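Read-outs: derived from the displayed coordinates by stated rules, not from any lab. Just so it is clear, the model here is predicted, and its values are computed rather than measured. Neighbour counts are summed over all protein chains in view; Cβ atoms, including those assigned to glycine, are modelled from backbone coordinates with ideal geometry.
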């Protein structure tokens, strides 16, 4: 029994994670309560991180957990609590009439592309050690990612720092209290 | 045997769920979460292709994807906060003052 | 290690200068400084001016066509042309906005700096030769403009505009990046030249084509082509009018820049496949954009549909794919920029019945009350409609010629017919101005806004000059047509 488990560790982990990913995604669409949906999304993120580890992308897996699960989801939950999402009036959540059409279209698209994707399975996978090496020197996944990031992708890296600045600026501009805006809000209601 | 195709099919399912979710849900917060699903699907693709080719480039781009997705989420949430303050709703239909 | 940091940084000098300027404006606008509308607008304008000088320096110092930052960035004439366009937009933006911001009492510091950041993003997009730098520049521009659309916090319409623009933008970015992932997988690189090379021998698998299709859809979203234009009119109507003007010109031109580079440069090998998608979209865009504009009473919505239609005309140049085609798109972007900003400038001047309340009827009798303003508006309307001797006529001429030469005769027929249809809604405003009688006090007042007036003046001058003497501008666009790594037919 144990031997079988050890021999099949990769498929077991993959399928477990894959089921969690899809279940979490379905949960995001399904749940009425946004907080439940958020927790469902959290499960998806963690499962995806597990998949990354399986793909020899250890650094990205860690970033996924720290940034997505630890940052973005916390932000979501904070905002939901800030706006008291549960006390908002329960409103009609779905556009019922669109659901069958959406599902059929989505399914069709998926089937078409999946048919083409199977061709890839016959290509050989490269040696995973290549993901920890740069120019022949073995150094570990994080260092390899770092080398390529700061050498070849320096420009996008710097521009992304501006993106983050704008995000911060934008969040402040949109989120700050404006005394006159509250008066306008009173009139609007 | 788990091949790259398994990952690609999984990400396709995720992508489809994200897009379908955006079309049928009216709640702005849920919409944002579906956007995150779509970007995660793309990230899975990049990582999987990176693994198959033995090239770290895909992983490096994944860093950018995650960062930009987080920035987008921040702004989206800011817009939500502003919207709720003014209109007491996160339903896009209710916010429809202008002809759709 | 292929890094020559000094040369790389010199090539990036314009973007660096503009970023510094944006930061200065941001800091100057903090606290009490937020009341200095004039000072902040001047600072923003000065930043753009310095950036223009920096651009000249960078171009002089750098070898043309050389790739910087490990193949991420290039300063070829194509990029320089677009950067000049973006700087022109960024210069006119504070001029158009300053009076409007003061009248509606919103803080100018963050506003002007966000406009400048968006411009930095656009400049990075224009120079991008690797899909990583293109995507990152795109997101920088997009995030800045989401916030700008919702800047007028006290107006419900502005919030709605920001929400809808955000959803639209986020969805299109997601689709775009997923398509990108499939392309990356099949072609092995994000670098446009490498992708073009890989396409030489690669099999056209369904995965590759789906990736290409999704990428094309993402780009068509960004250009607001039909059927990916949903909510664009709402966004244009709800956003603060100077931002609508900015959105209709800057991000659209930037989207065309990357569309051209990626689809005519990197993915040129796949042309037989995407012409159907883009061609169909172009036809729908021209037809739907113009027909929908006919029924609009709100001038901002009407101009929104007009912008959609103009994107359709420009797509013809993209489809042509030849050197003339690329040249015509670049020239069209310039023409469209000055015409549209001029028209929106007048909409800003005339806003009367509260926020975004201007209807066609508001223009009644304007010719009698303010003959100069009416004439100016007429000039821009004629240019948008494509009547000689305005710049708009020249722009359409080039694009239609390129498309005909490339064999897209049917599309040009549609374009010409739709262009004629468009005259109806442009001239409808002109008729209101000149032929209708407006009562005293009713209709819109032309408000005192000297800065906006100056901006309109600049646009008017351009429209006139380009219309009569297009050669030097067209020549500037012509020398830019050699795209990275691919020889054009």
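General observations
- Here, P(r) means the percent of Cα pairs in each 10 Å bin from 0 to the largest distance; for region A:1-86 it is 18, 39, 28, 12, 3, 0.
- Principal-axis analysis of the Cα atoms of chain C puts helix C:156-187 at an angle of about 10° to the longest axis.
- Residue C:104-residue A:35 FRET efficiency (beta carbon distance; Förster radius 30 Å; 0.05 resolution): 0.20
- Across chain C, C-alpha contacts under 8 Å between residues 6 or more apart give a mean separation that, scaled by the residue count, equals a relative contact order of 16 percent.
- The separation of region A:30-83 from region C:141-202, counted between C-alpha centres, amounts to 22 Å.
- Evaluated at q = 0.28 Å⁻¹, the base-10 log of the normalised Debye intensity for region C:170-219, with identical point scatterers placed on the Cα atoms, takes the values -1.03.
- Value of relative contact order over region C:172-218, rounded to a whole percent, pairs C-alpha under 8 Å and six or more apart: 63
- Axis angle, to the nearest 10 degrees, between helix B:4-24 and the longest C-alpha principal axis of chain B: 10 degrees.
- Per-residue Cβ neighbour rank within 10 angstrom, fewest leading, C:167, C:414, A:66: A:66, C:414, C:167
- Burial ranking of peptide ranges C:210-220, A:36-46 (average Cβ count within 10 Å, highest at the top): C:210-220, A:36-46
- Shielding by other protein chains, C:65-72, mean Cβ within 10 Å: 3
- Peptide C:182-195 is shielded by partner chain Cβ atoms: per residue, an average of 4 of them sit within 10 Å of its Cβ.
- Whole-number Å³ per residue for the convex hull built on Cα positions in the protein assembly as shown: 152
- The simple Förster model, with R0 at 25 Å and r as the Cβ-Cβ distance, assigns residue C:66 and residue A:139 a FRET efficiency of 0.25.
- Cα-Cα separations in region C:21-111 greater than 20 Å, expressed as whole percent: 45
- Residue-averaged beta-carbon neighbours from other chains (10 angstrom radius) around C:125-132: 3
- One chain, two ends: residue C:469 and residue C:297. Fully extended at 0.36 nm per residue, the span grows by 58.4 nm beyond their Cα-Cα distance.
- Degrees, to the nearest 10: C:323-350 long Cα axis against longest axis of chain C: 30
- Whole-angstrom Cα spans of chain C along principal axes, big to small: 71, 54, 41
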